[in-house]
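Below: the structure, in structure tokens.
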Amino acid sequence: MTTEILMPALSPTMTEGNLSKWLIKKGDQVKAGDLIAEIETDKATMEVEAVDEGVVIDLLFKEGDVNIPVNKPIAIIGNPDEKIEEKNEKPLEKSGENKKTEKVIEKKFEIEKNDILQEKPKQNEQDKNLSSEEITMRQALRDTMAEEMRKDKKIFILGEEVAEYQGAYKVTQDLLQEFGKDRVLDTPISEHGFTGLAVGAAFKGLRPILEFMTFNFSMQAIDQIINSAAKTLYMSGGQINCPIVFRGPNGAAAQVAAQHSQDFSSWYSQVPGLKVLAPSTPYNAKGLLRSAITDPNPVIFLENEILYGLKGQVNNDINFSIPIGKANIEKEGKDLTIVTYSIMLQKSKEAAKRLKDQFNLDVEIIDLQTLRPLDFETVINSVKKTNRLITVEESWPFGSVGSEIANVVQRDAFDYLDSPIIKVNSADVPMPYSSSLEKLYLPQVDDIIEAAKKVTYIK
Amino acid sequence: MKKLNKNDYIKMYSYMLKIRRFEERAAQLYGMGHIGGFCHLYIGQEAVVVGVLMTIDKNDSVVTTYRDHGHMIARGLDPKRIMAELTGREDGYSAGKGGSMHMFSKENNFYGGHGIVGAQVPIGTGIAFTHKYNKEKNICRTYIGDGAMNNGQVFEAFNLAALWKLPVLYIIENNKYGMGTSVDRAAAGSDLYKRGEAFGIPGEKVNGMNVFKVIEAADKAGKYVRDGNGPYIIEVQTYRYRGHSMSDPAKYRTKEELENYKDTDPIEIVKTEILKKNFASEKEIEKINKDTLEEIKSAAEFAIKSNYPKDNELYTDVYI
């Protein structure tokens, strides 16, 4: 009887890990609770404990091996006397149930990877200053903050775990080391207070970057964001501006359920005085974050936890920026327009690929990049060309960004529409915990394909 | 503390009187329909802001609540432009877009005028953070109403200010009522100045009807904060003669209570001292009274004559 030790998932969004160190070797006796390995995740390096007992029969990976998928066997333990017998029998003995579970899990990774992480961003193809290496979105965000902090001493970062912990999602990694504790500040878990403090600092001339560990917690501070940050320029007759960036992950991660999986794009986009940006790739994350940091107005910068690991080429010019209020035509097409932003860009691209293969539909994809002020011109021009429109977004359906797009398009391009506009949103319910329901809740590639068939009247 | 001289006494008297006359005139204009919306008067509380004013450096910052007209006058701002904001005109400090509760003067380091109870407290703490970040010797005076002292963000701000040793002086203007609810009915443990104790913030209670007591406390507290010791709280016991806002008949308190406070009127206290010390004659005081009345009267005329904002101003100042 042998037991496999599997690569554990050490965070909600971890799909693979690196084996930094073995703390056991072949032949060792292992008891439950013994430390067996150090695993590096997307967020940290963590020690893993054994839950089963026995002698280490085999280590299936060596130290330094990277990108080992979650749930892949990394070691085998068992009774040493049965070792040879077991090995001769079959290497991986499993009940049918286990195999099934593993298949489901494998499929889940496959879907996520295909839909999100393996899609290469296209926007940057024409950029002559592209980096040769690919970096992750989290690195792109980090680098941009560091570049701007080097230029302007008025910029400082505050938030929960941004300094000594290096960021809950490692987006502020090494910033404390470079810029010191006066400019990289760990706050207590006190959103209302430290957001108000940052707003006051911005009124007085500093340029805070405020990280919400996730935007779900920004609700604790929403009065300061809207009543103070967004409105004071107006209420002061133009005297007091508020140059601040509120940034952090927005929307669903993976199975963190109702209170930690909300999309705030339409909430903030409704507010005059705020600008709202939502990057979808490392490339535009760099360009947009630079614009946000240097903008004299309060900017809501909606990142996405699942996208933090997305790799892509970037423009490494320290002055490279993407203008606020400009959408990107991610893919040109003539048959229908998909307007989307943030993580749904990747799903929309996958849908477009399948629509081409299955129905020979040539889809145009617009990545909004900025939600407020929204680039209606690019959307309208696209609809005038394709005559069909789908909006795809993670937010709840009622009063979403897509709702406003539908309103403006029917008003300004009514005669160009050949079919009703269809919105693809998350389900109109709180986010469930169960992975099966979570999948149903979120817009999937199939939902986008269904919407595309409807607007093109394909049965 | 430096000894107050004749000029200081006259300055205190003039400012307190100017605030009183301004507020009376604002009430009149409100009654005539020239001022709309919410309008919160400072009558009775004049010794608080004027007392603190006597200890202030002009590069210090100030942030306060929506009961802000008196604070602006004490900051040396022009009563004409304050009144013009109340009437919603283009010459107002916020060009007619802020109104009574939302007035600012960045060049005078006056950061509002905040309409949301408690919101100015973290903001003032952040302004103090900036003074420290920029290594300036200035402090931020953050005024708080007694009502806000039950608001969570105030304690979050206290924690941050103490944790980061920020140069912020919290001044609680305890005028006994948060709208119609007395402090005793709203605050468990009514010594509001003690509410920083858990964070290690020193605090003290001061008689806010007596400007000399306020000066003494503000001077001591201001020095403590300016010397880099972190925040300090003073709770100033004061009283508003009028209701919470213009539309409040103040039926939650007795006439006797009001009359008792009027007997210790803060302006009268200063006037008596001036006469006693022979810093001015009755006649000279009379002249100050008359000049003040005239100044405020002309401010009201200015505010009524000033133009309404141009229509296109509706869409300006949303972004910079």
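Of all the residues that make up the range B:93-107, how many are facing another protein chain (nearest Cβ under 7 Å) and closer than 22 Å to residue A:193 by Cα?
Summing the residues that are facing another protein chain (nearest Cβ under 7 Å) and closer than 22 Å to residue A:193 by Cα in the range B:93-107 gives 2.
Evaluate the range A:433-445: report whether one residue or more is modelled with pLDDT under 95 and over 22 Å from residue A:346 (Cα atoms).
Yes, that holds for at least one residue.
Does residue B:212 satisfy the condition of being in contact (Cβ under 8 Å) with a residue 60 or more places away in the chain, under 30 Å from residue A:182 (Cβ atoms) and of a type in the set (Phe, Trp, Tyr)?
In short, no.
Test residue B:266 against the stated conditions and say whether it is surrounded by 15 or more Cβ atoms within 10 Å (Cβ to Cβ) and farther than 22 Å from residue B:70 by Cβ.
Against the criterion (surrounded by 15 or more Cβ atoms within 10 Å (Cβ to Cβ) and farther than 22 Å from residue B:70 by Cβ), residue B:266 does not qualify.
Among the residues of the range B:258-278, are any touching a strand residue (DSSP E or B) at 6+ places or on another chain (Cβ under 9 Å) and aromatic (Phe, Trp, Tyr)?
no
Taking helices (runs of 4 or more DSSP H) that fall entirely within the range A:125-208, which contain at least 2 residues that are closer than 22 Å to residue A:13 by Cβ?
A:137-151
Would you pick out the residues in the range B:277-320 that are polar (S, T, N, Q) and surrounded by 12 or more Cβ atoms within 10 Å (Cβ to Cβ)?
B:289, B:292, B:298, B:306, B:316 - these are the residues of the range B:277-320 that are polar (S, T, N, Q) and surrounded by 12 or more Cβ atoms within 10 Å (Cβ to Cβ).
Sort out which residues of the range A:236-251 are within 14 Å of chain B (Cβ to nearest Cβ), of a type in the set (A, V, I, L, M) and crowded, with 24+ Cβ neighbours inside 10 Å, and write them in order of number.
A:244, the sole residue that qualifies.
Yes or no: residue B:162 modelled with pLDDT under 95, crowded, with 16+ Cβ neighbours inside 10 Å and closer than 25 Å to residue B:224 by Cβ?
Spelling it out, it is not the case that residue B:162 is modelled with pLDDT under 95, crowded, with 16+ Cβ neighbours inside 10 Å and closer than 25 Å to residue B:224 by Cβ.
Hey, can you tell me all the residues within the range A:307-335 that are touching a helix residue (DSSP H, G or I) at 6+ places or on another chain (Cβ under 7 Å) and closer than 21 Å to residue A:245 by Cα?
A:307, A:308, A:318, A:320, A:321, A:322, A:323, A:324, A:327
Can you run down the residue pairs with Cβ atoms below 6 Å, 6 or more apart or on separate chains, where the first is in the range A:259-270 and touching a residue at least 24 places away in the same chain (Cβ under 8 Å) and the partner is charged (D, E, K, R)?
A:263/A:394; A:269/A:372
Among the listed residues A:194, A:215, which satisfies the condition of being more than 9 Å from chain B (Cβ to nearest Cβ) and under 18 Å from residue A:172 (Cβ atoms)?
A:215
Quick grid of which residues meet (1) farther than 19 Å from residue B:226 by Cα; (2) more than 8 Å from chain A (Cβ to nearest Cβ); (3) modelled with pLDDT of 95 or more; (4) crowded, with 23+ Cβ neighbours inside 10 Å:
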residue	(1), (2), (3), (4)
B:109	no, yes, yes, no
B:112	yes, no, no, yes
B:118	yes, yes, yes, yes
B:122	no, no, yes, yes
B:125	no, no, yes, yes
B:132	no, yes, yes, no
B:135	no, yes, yes, no
B:143	no, yes, yes, yes
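Would you please list the contacts, defined by Cβ atoms under 8 Å and residues six or more apart or on different chains, that run from a residue in the range A:342-356 that is more than 14 Å from residue A:446 (Cβ to Cβ) to a residue that is among the hydroxyl-bearing types (Ser, Thr, Tyr)?
Within 8 Å, the pairs are A:342/A:265; A:342/A:280; A:343/A:280; A:345/A:280; A:345/A:281; A:346/A:280.
Going through A:278, A:254, A:285 one at a time, which residue ends up being surrounded by fewer than 23 Cβ atoms within 10 Å (Cβ to Cβ), within 14 Å of the chain's Cα centre (by Cα) and more than 9 Å from every other protein chain (Cβ to nearest Cβ)?
Exactly one residue qualifies, and that residue is A:254.
Can you say whether residue B:19 is buried (at least 20 other Cβ atoms within 10 Å of the Cβ) and over 16 Å from residue B:301 (Cβ atoms), as far as the supplied structure shows?
Criteria met by residue B:19.
Do any helices (runs of 4 or more DSSP H) lying entirely in the range A:350-459 carry at least 2 residues that are under 20 Å from the mean Cα position of the chain (by Cα) and exposed (fewer than 15 other Cβ atoms within 10 Å of the Cβ), and which ones are they?
Output list reads A:435-441.
Examine the range B:239-253 for a residue that is of a type outside the set (D, E, K, R) and more than 19 Å from residue B:41 (Cα to Cα), and state whether such a residue exists.
No.
Taking the range A:161-213 as the region of interest, how many residues are surrounded by fewer than 23 Cβ atoms within 10 Å (Cβ to Cβ) and among the β-branched types (Val, Ile, Thr)?
Adding up the residues that qualify gives 1.
Which residues, counting only those in the range B:251-284, are aliphatic (A, V, I, L, M) and in contact (Cβ under 8 Å) with a residue 24 or more places away in the chain?
Listed by number, the residues that qualify are B:267, B:269, B:270, B:274, B:280.
If you go through the range B:191-205 one residue at a time, do you hit one that is out of contact with any helix residue (DSSP H, G or I) (no Cβ under 9 Å at 6 or more places or on another chain) and in contact (Cβ under 8 Å) with a residue 24 or more places away in the chain?
yes
Just name the residue that is surrounded by the fewest Cβ atoms within 10 Å (Cβ to Cβ) out of those in the range B:165-190 that are more than 14 Å from every other protein chain (Cβ to nearest Cβ) and closer than 25 Å to residue B:226 by Cα.
Residue satisfying both the conditions and the ranking: B:173.
Does residue A:227 meet the test of being without any contact (Cβ under 8 Å) to a residue 60 or more places away in the chain, facing chain B (nearest Cβ under 7 Å) and in a helix (DSSP H, G or I)?
yes
Determine whether the range B:65-80 contains at least one residue that is in contact (Cβ under 8 Å) with a residue 40 or more places away in the chain, within 30 Å of residue A:222 (Cβ to Cβ) and β-branched (Val, Ile, Thr).
There is at least one residue in the range B:65-80 that is in contact (Cβ under 8 Å) with a residue 40 or more places away in the chain, within 30 Å of residue A:222 (Cβ to Cβ) and β-branched (Val, Ile, Thr).
Can you give me the number of residues within the range A:197-212 that are over 25 Å from residue B:135 (Cβ atoms) and facing another protein chain (nearest Cβ under 7 Å)?
Looking only at that region, the number is 0.
The values are calculated or read from the model by the stated rules, or taken from the named source; none is laboratory data. This one's a predicted model, so the numbers in the text were calculated from it and none came from an experiment. Virtual Cβ from ideal backbone geometry, glycine too; neighbours counted across all protein chains shown.
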